[in-house]
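First up is the structure itself, then whatever we jot down about it.
Each value in this text was obtained by applying a stated rule to the coordinates, not by laboratory testing. A quick note: this is a predicted structure, and the numbers were derived from the prediction, not measured. Neighbour counts are summed over all protein chains in view; Cβ atoms, including those assigned to glycine, are modelled from backbone coordinates with ideal geometry.
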Amino acid sequence: MSLRDRIQAANDIQNRMINVSQWGVDLELRTLTAIERTRLVKSCTDDEGNVDLERMYPLLLIASCFDPETGDKVFDASDMEMLGDKSASAVEFVARQAMELSGMNAAAVDTEGKDS
């Protein structure tokens with residue numbers, strides 16, 4: 001098997017179980033794919049490179065939160081407003097865990113959001 005084939009066959013999507021005490025639930029977080037991460041960052045970044053966290057955090061939760069019992073996504077696009085109305089500390093906790101799992105940090109978000 002070639003190196004390329006081994007890379008393609010690798011199961012590199014990680015997951016992490018977290019407890020969100022404010023919601024009284026356990027969530028499974030999954031790594032975003034490279035395309036998902038890039039699209040998410042681009043959709044939340046303006047022409048000056050400013051990141052819209054009001055948009056980014058709900059989108060991040062929609063993309064990365066799964067039900068640990070069923071494996072189904074917990075949220076969908078119709079949940080944007082509902083997630084925006086939830087506790088800031090709970091949403092921030094989940095979003096930061098999801099960003100860490102997907103290799104995102106403030107510097108990564110700033111860099112990806114700007115044209116080269």
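What order, most packed first, do the peptides 55-66, 11-22 have when packing is the mean number of other Cβ atoms within 10 Å of each residue?
Ranking, from highest mean packing down: 55-66, 11-22.
Expected output is a single nm value to one decimal: the length gained when fully extending between N105 and E69, i.e. 0.36 nm times separation in residues minus the C-alpha distance. What is it? Could you put the intermediate results ahead of the total?
Working: separation 36, 0.36 × 36 = 12.96 nm, distance 2.87 nm.
Once the chain is fully extended between N105 and E69, it gains 10.1 nm.
DSSP H helices in the chain with Cα extent of 24 Å or more along the helix axis and mean Kyte-Doolittle hydropathy at least -1.0?
Numbers: long enough: none.
Going by DSSP H runs, there are no hits.
Rounded to the nearest 500 deg cm²/dmol, what is the calculated helix-only ellipticity per residue at 222 nm for the chain, with -39500 (n - 2.57) per DSSP H run of length n ≥ 4?
The helix-only estimate for the chain comes to -13500 deg cm²/dmol at 222 nm.
Which of rounded, prolate or oblate describes the stretch 15-112 when judged by the alpha-carbon gyration tensor and an a/c cut-off of 1.5?
prolate
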